[in-house]
1. Can you tell me which residues in the range 46-70 are at pLDDT 95 or above, closer than 30 Å to Val353 by Cβ and either among the β-branched types (Val, Ile, Thr) or assigned to a loop (DSSP other than H, G, I, E, B) (or both)?
2. Given the structure, is Ala259 assigned by TED's automatic domain parsing to the domain that holds Phe218, at pLDDT below 95 and closer than 30 Å to Asn139 by Cα?
3. Considering only the range 111-145, state which residues are free of Cβ contacts under 8 Å to residues at least 12 places away in the same chain and either under 22 Å from Gly179 (Cβ atoms) or part of a loop (DSSP other than H, G, I, E, B) (or both).
4. For Tyr66, which of the numbered conditions (1) hydroxyl-bearing (Ser, Thr, Tyr); (2) under 29 Å from Ala349 (Cα atoms); (3) more than 25 Å from the chain's Cα centre (by Cα) fails to hold?
5. Is there a residue in the range 71-82 that is touching a Pro at 6+ places or on another chain (Cβ under 6 Å) and at pLDDT 95 or above?
6. Check the range 92-110 and report whether any residue there is in a strand (DSSP E or B), of a type in the set (S, T, N, Q) and at negative phi.
7. Quick check on this structure: which one of Gly155, Gly167 is out of contact with any helix residue (DSSP H, G or I) (no Cβ under 9 Å at 6 or more places or on another chain) and either surrounded by fewer than 23 Cβ atoms within 10 Å (Cβ to Cβ) or not acidic (Asp, Glu) (or both)?
Amino acid sequence: MPTYRVALIGTGRVGYQFSFSDLPDNHAAAIGQHPSCELVAGVNRGREKLDAFGQRFGVEALYHDYQQMLAEVQPDICIVATHPELHAEMVEGCAKAPSTKAIICEKPMALSLAECDRMIAACQAGNILLQINHNRRWNPEWVLAKKLLDEGAIGELNHIYCYMDGGKPSPAWRSENEGPLLHDFTHYFDLMDLYAGEVEWLSGIAEQRSRPWAVEDFSAAMMKFRNGSTGLICGAELTKYTDHAFELRGTTGLIRMDAEQVHLFQCKVSMSEPDSGFEWSALEEVDVERPAPCSSYVEALAELIDTLEDKGTLRSDGAVGRRSLEMVMAIYQSQLEGNNPVRFPISLAESGVEALRRAGKFVERES
């Protein structure tokens, strides 16, 4: 008999439709893989996706109102997989329900740091676990990169370099409340936090260059981490192609993530001058033992259950989710302040998108 009754709030793409491989690639499929969990309810604003979800997973408790679902179904675990403008209200609502023991919230955590703080406070008040699904934290290849870094495979970390072009091609991505920094690039901010830790200061740019929607279509930032390393990120929606990369650059090598796989390069002496004794080194790729593939959704859910049962800890809780959002908001604050460096903790508590709209930096244009 399953121990935990799970409700899915948001029966859309990440809720149950993602399917990129033979492994479970969405929340609903992951629930079916855990012996202690049972999927008991679904909530969605639209009827078509809700009915399709219920039919696929054999769920009869289908609702449009999540509050009604909480009162009637009384789930132990709530998964909030809706659009981010709904996250704060729904996490707070789920945290107030007497039956709730844990909440999984999709990334980005919210649209502002003030909303993040409300969510964290609501869960702390109810002694409820809050897990933020930046799912690469459970991906075995990204975990391997962290292991190699910690073991000194590239020496001391000097710099993180990453970029993403065309992560969400127009007109598919939404722009009512979020831009690509929040929608896609938040993954890279979370990974920067994973590998380098907390940020000391950041200087950024967020511009609306050519797209008609009132959000950024080009952004970049340089940051200094408290551990002494630096980071550089560039994200744009100005191309017809999709291209992205993430690199950890150390004193004796680098780790490059390509197609979600680790590529390790270490320095080897490539040229020397016998008389002077000068030597130059180049990078050579080194074979690594590939980890077995697994579903990050399944791993995250298992970690949540282990934490509920005092057998583990969350690697992505509310505080971690807030940190990646603070990096995004720091770019918006820097843009508002003439692209000057912003020190952490930042002062911008509201939505950076809304603040830049009021400043006339993001405007709706004719397409």
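1. Within the range 46-70, His64, Asp65 qualify.
2. yes
3. Asn127 - this is the single residue of the range 111-145 that is free of Cβ contacts under 8 Å to residues at least 12 places away in the same chain and either under 22 Å from Gly179 (Cβ atoms) or part of a loop (DSSP other than H, G, I, E, B) (or both).
4. In the conditions (1) hydroxyl-bearing (Ser, Thr, Tyr); (2) under 29 Å from Ala349 (Cα atoms); (3) more than 25 Å from the chain's Cα centre (by Cα), Tyr66 misses (3) alone.
5. no
6. No, every residue in the range 92-110 fails to be in a strand (DSSP E or B), of a type in the set (S, T, N, Q) and at negative phi.
7. Gly155
Rundown of residues vs (1) in a strand (DSSP E or B); (2) touching a Lys or Arg at 6+ places or on another chain (Cβ under 9 Å); (3) more than 24 Å from Arg13 (Cα to Cα), yes/no style:
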site	(1), (2), (3)
Met164	yes, no, no
Glu200	yes, yes, yes
Ile205	yes, no, yes
Pro212	no, yes, yes
Gly228	no, no, yes
Cys234	yes, no, yes
Tyr241	no, no, no
Phe246	yes, yes, yes
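The values are calculated or read from the model by the stated rules, or taken from the named source; none is laboratory data. The model shown is predicted, which means the values in this text are computed figures rather than measured ones. Positions of Cβ are backbone-derived with ideal geometry, glycine not excepted, and every protein chain shown enters the neighbour counts.
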